[in-house]
1. I need the semi-axes of the equivalent ellipsoid of the stretch 171-317: take the C-alpha gyration tensor, multiply each eigenvalue by 5, square-root it, list largest first in whole angstrom.
2. Filter the cross-link list K103/K296; K62/K94; K110/K296; K54/K196; K24/K278 down to pairs whose alpha-carbon distance in this structure exceeds 26 Å.
3. Calculate, for N121 and Q221, the FRET efficiency according to 1/(1 + (r/R0)^6) with r their C-beta to C-beta distance and R0 35 Å; round to the nearest 0.05.
4. Compare C194, C310 by solvent-accessible area with a 1.4 Å probe and give them largest first, with all protein chains kept in place.
5. Provide the packing ranking of 5-12, 234-241, i.e. peptides ordered by the mean count of other C-beta atoms within 10 Å per residue, highest first.
6. Taking just the C-alpha trace of the chain, give me its Rg and Dmax in Å.
Amino acid sequence: MSVQPFDSLHEDLIHDVAYDFYGKRFVTCSSDQKLKVWEFNQETNTWEQVDSWKAHECSVLKVAWAHPEFGQVIASCSFDRSIRIWEEQEHESKNSGKRWMEKARLIDAKGSVQDIAFAPNFMGLRLASIAADGVLRIYEALEVSDLTQWTLMDEINVHSSRNANPSTFKDAEESYCLSWCPSRYQFPMIVVGCGKENSAKIFRCDQNSKWRSCEILDGHQDLVHDVDWAPNMGRSYQLIATASKDTRVRIYKLTGNKDGFKVDAVAEFLDHDREVWKVKWNVTGTILSSAGDDGKVRLWKAGNEEGFKCMGVVCNDRQSSNDTMET
């Protein structure tokens, strides 16, 4: 399966892409310090830029789109150590540079903010962030009608040995990522890729609203670049995928027990044969996509007895590939 590239109109490296809830728009962020919003034109069958603006003072690393029940809201984070909240102003014309207004600026991090994610909508308008200082921060907009007011609810050091002075650890030494558990039938949980520890950890909020470190997803030989917690559509267990600098995609199965979860590594793929940067489950948690430095997106699906296997590869038309899409 192949795709046609289009001009991103960015002037530097693109770090992240995030679709809205309906998949009809997406936002890109770049080292050119800009955010760009795109819409799909069904008449021309192309993606068109509908707004672009300077969002930060340094490279923009990640973007996230909130659930539409809270309006059209985007969060972005950057090397400038800030998180910025943007809200669409529908009365402003497209491509005016004024359609997205900055509503709040969160500046608690002591290092570059490396990942952000909105919580599942049933938890309210909450935003989790992880910065190079090794601190997981959780914010909440107590009044969703007023996005200028955000409260820092929790700060959790992801490395217990760094509790005394996490700010001594430099941005260049670390790489962090996070993903919320999407299940409404569990206590709130977040999986965090933990920098130089070459592992991912699950943090759970208990009945006393205290966050604590729980299970560890180990086996990585280098940095964990990305984590994604699968939606649970009636399964009796949870699935988490990781992407690593060690060229591997891994899938972990979490089975509930009296102490939390029993963690089993159920899949490990070397097909990219290059550094893997991104993993993402589909909305039913049945198909996993991964992207790496081989320039390809690979799709993984669980078979009845064979476990997960590659069901297809998406590549640029300029790349040669013998991979075919299975139906």
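The values are calculated or read from the model by the stated rules, or taken from the named source; none is laboratory data. All figures in this text were calculated on a predicted structure; none of them were measured in a lab. As a convention, Cβ positions derive from the backbone with ideal geometry for all residues, glycine included, and neighbour counts pool all protein chains shown. The accessibility values were calculated without ligands, DNA or RNA, using every heavy atom of the protein model including side chains. Shrake-Rupley method; radii C 1.70, N 1.55, O 1.52, S 1.80 Å.
1. Working: eigenvalues 123, 73, 31 Å².
In descending order the semi-axes read 25, 19, 12 Å.
2. Beyond 26 Å between Cα atoms: K103/K296; K110/K296; K54/K196.
3. Numbers: r = 36 Å, r/R0 = 1.04.
It comes out at approximately 0.45.
4. Values: C194 0, C310 40 Å².
Of C194, C310, the descending order of accessible area is C310, C194.
5. On the way: 5-12: 11.8, 234-241: 17.2.
Result, highest mean Cβ count within 10 Å first: 234-241, 5-12.
6. 19.4, 58
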